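Encoded as structure tokens, the structure appears first; notes follow it.
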Amino acid sequence: VYGYVHDEELEAILMQIDTNTPKGKRDFAIILLGALLGVRAGDIIHLKISDLNWDTNEIRFIQSKTGNPIVLPLIPAVAAAVRDYLDNARPDCVFDEVFLRVHSPIYPLSSGVAIQYMFSKYAEAAGVNRKPGDGKNFHGLRRRLGRNMIVNNVPMTTIAQVLGHRASDSTRQYISLDS
């Protein structure tokens, strides 16, 4: 059984982010992408500005883990956070990646580990007690989303599409999270 980040824990984590700073705007958008759309950290670091379609309110990219193309709705909360970061915090530069380092030298985030580290700092500040293997990590946001969709009787095929799974076995791990 895989653990996940509970809704109350996510709320506490989000409360730790100072969205008045460039770093906070970036981190808030990143965490919402993971929590509300289930985007993996490895895909977030590779997300390009050209992957965001504001006319259709969609994000389109190729998943780095699976190589599968995915289209996700740019839901209002995520759209607002990403737009706030792009308009008010993202450094002006030549890179097409959405998310960049905050401090000089400015370049794209180099690995999903950077996102996990960032998430862990906010989780610790929020008092989320973590133990090895408990699922209280960035990927636990993805499991949270899958679990919540199951609890809300979303069809398994829809959950698989949102999470970018081709094989139902990959999606079935989320069923065990439904208590």
Length gained when the stretch Lys48-Val151 is fully extended (0.36 nm per residue, less Cα-Cα span): 33.9 nm
Hydrodynamic radius by Kirkwood, which averages 1/r over all alpha carbon pairs of the range 1-101, in angstrom: 14.2
Computed over the chain: relative contact order in percent, which uses C-alpha pairs under 8 Å that are six or more apart: 34
Simple Cβ-charge dipole of the range 15-66, Lys/Arg +1 and Asp/Glu -1, about Cα centre, in debye nearest 20: 180
Per residue accessible area of the chain, 1.4 Å probe, in Å²: 51
In sequence order, calculated HN-Hα J values of the range 107-112 (Karplus, 6.51, -1.76, 1.60; Hz; x Gly/Pro): 7, x, 4, 8, 7, x
Qualifying chymotrypsin sites (Phe, Trp or Tyr not before Pro) for the range 1-61 [loop in DSSP, other Cβ within 10 Å: at most 14]: Trp54
Heavy-atom accessible surface of the range 7-63: percent carbon and sulfur, 1.4 Å: 51
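The values are calculated or read from the model by the stated rules, or taken from the named source; none is laboratory data. Predicted model, so just to flag it, every value in this text is computed and none were measured. Here the Cβ is made from the backbone with ideal geometry for all residues, glycine too, and neighbour counts use every protein chain on show. These area figures cover heavy atoms from the full protein model, side chains too; ligands, DNA and RNA do not enter into them. Shrake-Rupley method; radii C 1.70, N 1.55, O 1.52, S 1.80 Å.
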